[in-house]
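Heads up: the structure comes next, in structure tokens.
The values are calculated or read from the model by the stated rules, or taken from the named source; none is laboratory data. Just so we're clear, the structure is a prediction, and the values are computed from it rather than from any experiment. No Cβ is skipped: glycine too gets one built from the backbone with ideal geometry, and neighbour counts run over all protein chains shown. The accessibility values were calculated without ligands, DNA or RNA, using every heavy atom of the protein model including side chains. Shrake-Rupley method; radii C 1.70, N 1.55, O 1.52, S 1.80 Å.
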Amino acid sequence: VPTRYPAGGAKQLIRVLTGKEVPAAKRSTDLGVQCFNVATAYTAWRAIAHGEPVIARLVTVTGNVHAPRNYEVLIGTPMRYLLELAGYQVEKNNRLIMGGPMMGFTVPDAGVPIVKTTNCLLAPTESELPTPPPAQACIRCGLCAEACPVSLLPQQLFWFAQGKEFDKLEHHNLFDCIECGACSYVCPSHI
């Protein structure tokens, strides 16, 4: 599999490995293909082999922390607990992100619990991951469309969303968006 972001997405993996293209508004199972990540396969095996429900999650804590590492943690555990174990110092970090630098999102408070989709807590410094500047007007440069791995038109979707034209958003395949963040990353207007 070529090293190209976001190569780990199910539709992208299916295209690379099988040559099959999952059409807009369709699921891979419609083509007879199912893609599971390692964590899902492992928890399914634990459920079948041992009758265990999903009660824990492997979470990577990294960034500007004293002891970055992977932790096995019970779902519902406050993020603060893991951060204390890793040596997180809130005053040395500009924000806390659940997920990676592209698809992750800022966590409003370290008391937020670990959920079944928490795979990483990223504690970047301002120099590592600068706070994005305020958004400016779209200049229709088209860089977002070029960067989109699922061939959407992010600038057009942005205008439809601003105008609350939800039927047009759906018609332009908004639900095929994999929220990879590529469009935001390349946008000179910081949208």
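Some values worked out for this structure:
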item	result
Residue check for Tyr5: open to solvent by 50 Å² or more (accessible area, probe 1.4 Å), touching a residue at least 24 places away in the same chain (Cβ under 8 Å) and not hydrophobic (A, V, I, L, M, F, W, C)	yes
Qualifying residue in the stretch 29-46 (condition: touching a helix residue (DSSP H, G or I) at 6+ places or on another chain (Cβ under 9 Å) and in a helix (DSSP H, G or I))	yes
Single residue of the stretch 113-138 satisfying the filter (among the hydroxyl-bearing types (Ser, Thr, Tyr) and open to solvent by less than 60 Å² (accessible area, probe 1.4 Å)) that is modelled with the highest pLDDT	Thr118
Among (1) within 15 Å of Val59 (Cα to Cα); (2) free of Cβ contacts under 8 Å to residues at least 24 places away in the same chain; (3) touching a His at 6+ places or on another chain (Cβ under 8 Å), the one test that Gly100 misses	(3)
The stretch 145-155: number of residues that are open to solvent by 50 Å² or more (accessible area, probe 1.4 Å) and at pLDDT below 95	1
Answer residue from the stretch 56-112, given it is β-branched (Val, Ile, Thr) and in a loop (DSSP other than H, G, I, E, B) and is most open to solvent (accessible area, probe 1.4 Å) among those	Ile75
Meets criteria (free of Cβ contacts under 8 Å to residues at least 12 places away in the same chain and under 28 Å from Ser184 (Cβ atoms)) for Arg46	no
Subset of the stretch 156-191 that is more than 17 Å from the chain's Cα centre (by Cα), acidic (Asp, Glu) and not in a loop (DSSP other than H, G, I, E, B) - its residue that is surrounded by the most Cβ atoms within 10 Å (Cβ to Cβ)	Glu170
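Residue-wise test of (1) within 23 Å of Asp176 (Cβ to Cβ); (2) among the hydrophobic types (A, V, I, L, M, F, W, C); (3) out of contact with any strand residue (DSSP E or B) (no Cβ under 7 Å at 6 or more places or on another chain).
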{"site": "Cys120", "(1), (2), (3)": "no, yes, no"}
{"site": "Pro133", "(1), (2), (3)": "no, no, yes"}
{"site": "Cys144", "(1), (2), (3)": "yes, yes, yes"}
{"site": "Val150", "(1), (2), (3)": "yes, yes, yes"}
{"site": "Phe160", "(1), (2), (3)": "yes, yes, yes"}
{"site": "Gly163", "(1), (2), (3)": "yes, no, yes"}
